[in-house]
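Where a number appears in this text, it was derived from the coordinates with a stated rule and is not lab data. What you see is a predicted model, and the numbers here were worked out from it, not measured in a lab. Using ideal geometry, Cβ is built from the backbone for each residue, glycine included, and neighbour counts are taken over all protein chains shown.
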Amino acid sequence: MINQKTLQIIRIAAAILIIMSLIWILTGCDKEKFFDESVNLDSDQWPSDKEMVFKVNIDDTTAPYRFFINVRNSTSYRYSNMYFFLTTELPGGSMSRDTIECVLAAKNGKWLGKGTGKYRDNRIFIRENIIFPRQGSYTFRLNQAMREKNLEGISEAGIRLEKQ
């Protein structure tokens, strides 16, 4: 027969094991993620002069990466797509700038992405097999390119890099 103290120790150990397993499962599900960061926008509005800045340190110049843009839009967003300016600054100061279109709704008007209710979360694939040429800090600058002073209906945007 097990006494009360031993039973209590077993329960505590079981609870710790369950908690540790849940933490391991929740953090281990996204093994490909190298960098994933987004910026929240006040009142679901993205001012045209608001630049989102993401700094990523690259040590491995041989690994290929996949690049995504994260967008969280409300169902009150007036468009089916969104244009971004993406400026990339490499270690040493050289820069590149791209204009990227992200589709947020299907042709029939149905919102893409995950979510129910007012918001949809989109992870939009942009490019794969990116090899960063230099080690060091890369700066990615994301701006909305929709020609509106305050773009309404966007609550969050960011970038994601995955190691392939």
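For this structure, a couple of remarks:
- Excluding same-chain neighbours fewer than eight residues apart, the lysines reachable from Lys50 by a Cα-Cα span under 19 Å are Lys149.
- Counting Lys and Arg as +1 and Asp and Glu as -1 over every other residue whose Cβ lies under 9 Å from the Cβ of Phe35, the net charge comes to -1.
- Lys114-Ile2 FRET efficiency (beta carbon distance; Förster radius 45 Å; 0.05 resolution): 0.45
- Rounded to the nearest 20 debye, the dipole size of the chain about its Cα centre is 480 debye, using +1 on the Cβ of Lys and Arg and -1 on the Cβ of Asp and Glu.
- In degrees, nearest ten, helix 4-28 long axis to first principal axis of the chain (Cα): 20
- Most mobile listed residue (Ile19, Ile154, Ile58) in the chain, GNM with C-alpha springs under 10 Å: Ile19
- Secondary-structure-derived ellipticity at 222 nm for the chain, considering helices only, amounts to -5500 deg cm²/dmol, per-run term -39500 (n - 2.57) for DSSP H runs with n ≥ 4.
- Close amide-amide hydrogen proximity is noted between Phe34 and Leu161, Glu162, Lys163, each under 5 Å apart and 5 or more residues distant or on a separate chain (H modeled in the peptide plane; Pro and chain starts excluded).
- Where only C-alpha atoms are counted, convex hull volume of the range 1-155 per residue in Å³: 198
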